[in-house]
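The values are calculated or read from the model by the stated rules, or taken from the named source; none is laboratory data. From a predicted model like this one, the values you see are computed outputs, not experimental measurements. Here the Cβ positions follow ideal geometry from the backbone for every residue, glycine too, while neighbour counts run over all protein chains shown. All accessible areas refer to the heavy atoms of the entire protein, side chains included, with ligands and DNA or RNA removed. Shrake-Rupley method; radii C 1.70, N 1.55, O 1.52, S 1.80 Å.
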Amino acid sequence: MLATAHGQHAKPLHKGRGHAGRFKSGEVIDCDLASYDAFDPFRALSTLRAILVGVQHTHLTMRLDHHKLALHLLGLVEPWLTLSPARNTLSQQPNETLDRVAFYIPNQRDLLSLALCSKRLYSIIFPRHFPYRTVNCKLSNKAVWDHFIAHPMLACNVRRLEIMPECAMDKEIVPPELPQTAAPGQKSSDELVRAAIGNMTGLISLKWLPDDAPPFVVHFSAIWPALRACRSLTEVDVFSNSVFMEDVATQLNSESSEPEPAIAAPSAADFASLGAVTMRSTSITSAEFMPSLQCITQLLADSCINLEIMKIGYGSELGQNVLEADVFFERGRWPRLKTLHLMNIRGTASTPVHAATFLDAHATLEVLHLQIGNALITPNNGALPALRELRCTKDQAAAILSAPSDEPRPLETLRGPYLTGRGADDALLRALDRCSKTLRRIELRGISGTKVLKALAAVAPRLNWLDVAEGRVDSITANIASAAGWVEALSLFPGLTTFHGACFFSEVAFVGGGIPVLADKQTARRNDETAALLAIKCPKLQEEKVKWVVMRTREEDNGTVTLKSKGKAKRERC
């Protein structure tokens, strides 16, 4: 072993085992490569640091044996700092791992981005995942249901399933290369669909939209038990009359020739992830059909305890207020419920009591739509403290908003009332005065005139959205004599940006160059005057910048005449 003299450059060491080098600092470096253990990266890292620090004492020159030792130490340290390239590449993982990674990607767009990374990922994602994320098919397509029964590993890759009506003209979205005809079998339609959906364990959204037309009649209540296997199900949308049958289970058992297998009783954990349910009826049904909320209440109250959105509507074309609501208000309890729609239901003498108890048990309700006949629900004190949106009749809205509460309800939207301008409106106007700080949007079913607008402006001056015809096309026609009165009433809402329901402008026929015909010049002048008055009195209505729009054209003997009218806001028809 040689040591460097003071003030002189370091001399190269002799090659061989056991030799070492010493720097000015006195630290000895062992240059024997075999003495460094591959499983001791800390010693290798310390030695490498000592070599680099010692370079400053040799005027930035490194001996040959130190250089060789540094490269050897780098090879020992590198595997402990990062993975090797073969293990660090996603495409080098086993097929089972890549298939499982794709399983947790629900969106087809994200799947496509991953598949375009490499040919190997494409070969795994496209045959097994991408075509199965969304399936839209009819109940009569038994080839699809047989495919999902025969291949449960592919069925679990379905995330969104939509059952289309048999009369739908839209193209079905099904996995490619399916057999054109289904294999012969003894299973009925409901057994096939139930078995196929039972294999879709990764299902997130289900839309049930059949037209209940024979011979492919499958009651949704018969499919409901199969959905217990779908632990990730979050949304169910049903458009069928079968959910409004009074006793579906008894009818199914009586029609079946074979005894049904025993089904386990529902538990609270069956649909723990289900958060949104929509139940609607079709417009056609049999004469002896007796609708009821018994089936819906039984399906949802026993197992869906985490519901946040519930929309139940029975078509008004099948009869007004035919669903009795007592069974729903008595049994239904959902602690997390935030949105509730109950349309076209009927009340009894006991309905107000049951409904008040129901509203007390659901303090989290934020959106409430009620269309109930023969009953007026009066909530108890402190009910509905988080109510933000309300849709109901005038009397029902007054009863709900007039209920005492510790703090004013944060009501933002009111829909449905019809204001007549008489004394019957006073109760609702007094209730709206309590919510004047938060109320921003009102959609009325109709009004009697500008007197109602002035009374409404006194209790809700901060409105920015006003609809006096609830979105209907048949809006109120205001002639030129009353247009100034309407504009004056609208000016009482300084923040109004959207208005709908009154027609201020008359149709004008134009010839080429945007010049009105001679007979309509006076009408066009009145339209311009009304538009100028609106721009002055209601300046924020101009922010949408909607120009003159073409209404229709008609052919005349001397050429084409275009009829046009003006609009000032997104939903305004002026």
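Go ahead and run the numbers for FRET between Arg526 and Ser402, Cβ-Cβ distance against an R0 of 51 Å, rounding to 0.05. Please list the in-between numbers first.
Values: r = 43 Å, r/R0 = 0.85.
Calculated value: 0.70.
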Inset, instruction - At 7 Å along the Cα-to-beta-carbon direction for both Ala361 and Ala427, put a label point, then send me their distance in nm to one decimal. - result: 2.7 nm
Inset, instruction - Quick one: what are the phi-derived ³J(HN,Hα) couplings along the range 117-134, Karplus 6.51/-1.76/1.60 with θ = phi - 60°, whole Hz, x for glycine and proline? - result: 6, 7, 5, 5, 5, 5, 5, 9, 6, 6, x, 10, 10, 4, x, 9, 5, 10
Inset, instruction - Could you check how much of the accessible area of the range 302-453 is carbon and sulfur, as a whole percent, using a 1.4 Å probe? - result: 47 percent
Legend entry - Sequence ranges 37-44, 343-350, ranked by mean other-Cβ count within 10 angstrom, highest first: 343-350, 37-44
Legend entry - Shape category assigned to the range 285-402 from the gyration tensor of Cα positions, a/c cut at 1.5: oblate
Legend entry - Protein-only accessible surface order, largest first, of Lys138, Lys454, Lys437 at 1.4 Å: Lys437, Lys454, Lys138
Legend entry - Pair Arg100, Lys537: separation of 7 Å Cα→Cβ label points (nm): 7.0 nm
Legend entry - Projected label distance in nm at Cys117 and Leu74, using a 7 Å step from Cα toward the beta-carbon: 2.9 nm
Legend entry - Cα radius of gyration and Dmax for the range 358-454 (Å): 12.8, 40
Legend entry - Long-range HN-HN contacts of Met279 with modeled amide H, under 5 Å: Val238, Lys311, Ile312, Gly313
Inset, instruction - Convert each backbone phi in the range 356-370 into a coupling constant with the Karplus relation 6.51 cos²θ - 1.76 cosθ + 1.60 (shift: θ = phi - 60°), then list the ³J(HN,Hα) values in order as whole Hz, x for Gly and Pro. - result: 5, 5, 5, 5, 5, 7, 10, 6, 8, 4, 10, 10, 9, 10, 10
Inset, instruction - With r as the distance between the Cβ atoms of Arg462 and Cys167 and R0 = 60 Å, compute the FRET efficiency 1/(1 + (r/R0)^6) and round to 0.05. - result: 0.80
Inset, instruction - Give the long-range amide H neighbours of Arg415: residues separated by 5 or more places, or on another chain, with amide H under 5 Å away, using H modelled in the peptide plane at 1.01 Å from N. - result: Leu390, Arg391, Cys392, Glu443
Legend entry - From phi via Karplus (6.51, -1.76, 1.60), per-residue ³J(HN,Hα) for the range 298-311 in Hz, x at Gly/Pro: 5, 5, 8, 6, 7, 10, 9, 8, 9, 5, 10, 10, 9, 10
